[in-house]
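For reference, the structure discussed in these notes is given below.
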Amino acid sequence: MSKEEKILVTGGTGMVGYSLRWGHIYGNGIPDATFVSSRDYDLREKQQVEAMFAKYKPKHVIHLAARVGGVKANTDYVADFYYDNIMINTNVIEASRRVGVEKVVSFLSTCIFPDDAEYPLTESKIHLGEPHSSNYPYAYAKRMADIQSRAYKEQYDVDYVSVIPTNIYGPNDNFNLENGHVMPMLIHKCYLAKKNNTDLKVWGTGKPLREFIYSKDVGELTTWALKNYDESEPIILSTSHEISIRDLVDLIVSGFNYKGKVIFDTDKPDGQYRKPSDNSKLRKYLPDFEFTSIEQGIQETIEWFVENYEGARKWEKH
Ligand code: GFB
């Protein structure tokens, strides 16, 4: 993409936003894009969104901004997760249309799938039933971004598409100890347990299965989608490899060379047992794409976190 094609990235200072500056396989990522964050504009407010679009006049938008969190935050702030996300998506996609943005790539999540869907999850199953009770407001709000993109594509003939990444992790994640996702929280907890010589407390039974994708891979795949993906149905971005939380803990523990005790706190939620995805569609487009191994991704993330401990995001905004 040349500078003239003006790309605007919402949620640009989060983990995926940073990864977009690092992509190196599909055209060097998009370092020339404009990366905006919630410090610049409150995207729940229509007027602020319109002001942002009037200022930057983008041709392409990568829409990453969202109110996100792990299993606990999704349950504690059910209403906020619904309202913030439905407003942000509605405003951003509508403002894009109004100023003539040609392409929008919006980010959904694998937790939007029905809880009782037949596995593996494919792109055609998004709307076939209720999402899991632990995050239904977030899931429904995100489902509506898919509906909005499809409707705008149909009526206005614009290239508005969506991608569905599985659990993303990597440098610049939110390492908050209450409301974060499992990977950054466990990395932070293990760092502290090692430093303070204390036990590592893991939530739940350790049995649930998850699929993780490294943020650098997401950056590369997003750059690819911006240039190449134009189906109205979303595309799943996934390795399609499941790992149990227990095995994830082992990787983090060995990454830190932590020798202390690991305790599974079964009073804390397990959330959805599994949400295995089918990445056949992605594989059809990119049969040779090489995902970063989870071992390497975790090692790089731990190194980044240790080196950037002071500056790493550990707080939660409300
Ligand atoms: O990343 P996470 O919070 O969200 O992972 P989900 C939750 C799983 O990790 C549960 C276990 O099985 C937890 O019991 N776990 C173990 C922990 N230790 C910890 C810990 O210290 N912190 C956390 N957070 N979990 C989210 C959705 O679901 O996935 C979001 O709620 C979003 O909406 C995201 O879609 C990708 O994978 O369960």
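Read the figures in this text as sums done on the coordinates, not as results from a lab. Just so we're clear, the structure is a prediction, and the values are computed from it rather than from any experiment. Cβ atoms come from the backbone with ideal geometry, glycine included; neighbour counts cover every protein chain shown.
Placing unit charges on the Cβ atoms only, positive for Lys and Arg and negative for Asp and Glu, gives the stretch 126-177 a dipole magnitude near 100 debye about its Cα centre.
In terms of Cα atoms, the Rg and Dmax of the stretch 117-160 work out to 12.3, 36 Å.
Treating each Cα of the stretch 6-101 as one equal point scatterer and applying the Debye formula with no solvent, the log10 of I(q)/I(0) at q = 0.13, 0.14, 0.16, 0.23 Å⁻¹ comes out as -0.47, -0.54, -0.68, -1.16. Treating the angle as unsigned and between 0 and 90°, give the value, to the nearest 10°, between the Cα long axis of helix 294-307 and the longest Cα principal axis of the chain. Between the helix axis and the principal axis of the chain, the angle is about 90 degrees. Using only the alpha-carbon atoms of the stretch 239-307 as identical scatterers, what base-10 log of I(q)/I(0) does the Debye formula give at q = 0.14, 0.15, 0.17 Å⁻¹? Summing over Cα pairs of the stretch 239-307 leads to -0.64, -0.71, -0.86. Seen against the Cα atoms of the chain and their longest principal axis, helix 245-256 is set at about 80 degrees. With the convex hull drawn around the C-alpha atoms of the stretch 128-188, the volume per residue stands at 118 Å³. If you run the Gaussian network model on the chain, springs between alpha carbon atoms under 10 Å, then out of Pro208, Pro137, Pro287 the most flexible one is Pro287.
Across the chain the C-alpha pair distances fall into 20 Å bins from zero in the proportions 33, 60, 7 percent. Annotation: the stretch 71-183 has a Kirkwood hydrodynamic radius of 15.1 angstrom, from the mean reciprocal C-alpha pair distance. Counting every alpha-carbon pair across the stretch 176-318, the share separated by more than 23 Å comes to 43%.
A dipole drawn for the stretch 1-132 from +1 and -1 charges on Cβ atoms has a positive end, and of His127, Ala95, Pro58 the residue lying farthest that way is Pro58. A crude spin-label estimate for the pair Asp32 and Asp116, with each label 7 Å from Cα along the Cβ direction, gives 5.2 nm. With 23 Å as the limit on Cα-Cα distance, the pairs of Lys153/Lys216; Lys142/Lys281; Lys189/Lys275; Lys195/Lys314; Lys59/Lys275 that go past it are Lys153/Lys216; Lys189/Lys275; Lys59/Lys275.
Between the Cα long axis of helix 182-196 and the first principal axis of the chain there is an angle of about 40°, rounded to the nearest 10. What the Kirkwood sum gives for the stretch 172-239 is a hydrodynamic radius of 14.8 Å, with every pair of different alpha carbons counted. On a C-alpha basis, how far is the centre of the stretch 254-288 from the centre of the stretch 48-93 in Å? Whole number, if you could? The distance from the Cα centre of the stretch 254-288 to that of the stretch 48-93 comes to 25 Å. Out of every Cα pair in the stretch 100-241, what percent are spaced more than 24 Å from each other? Considering the stretch 100-241, 40 percent of its Cα-Cα pairs are separated by more than 24 Å.
Dipole magnitude of the stretch 52-128 about its Cα centre, charges +1 at Lys/Arg Cβ and -1 at Asp/Glu Cβ only, in debye to the nearest 20? My answer is approximately 640 debye.
In a reduced charge model with +1 at each Lys and Arg Cβ and -1 at each Asp and Glu Cβ, the chain shows a dipole moment near 540 debye about its Cα centre.
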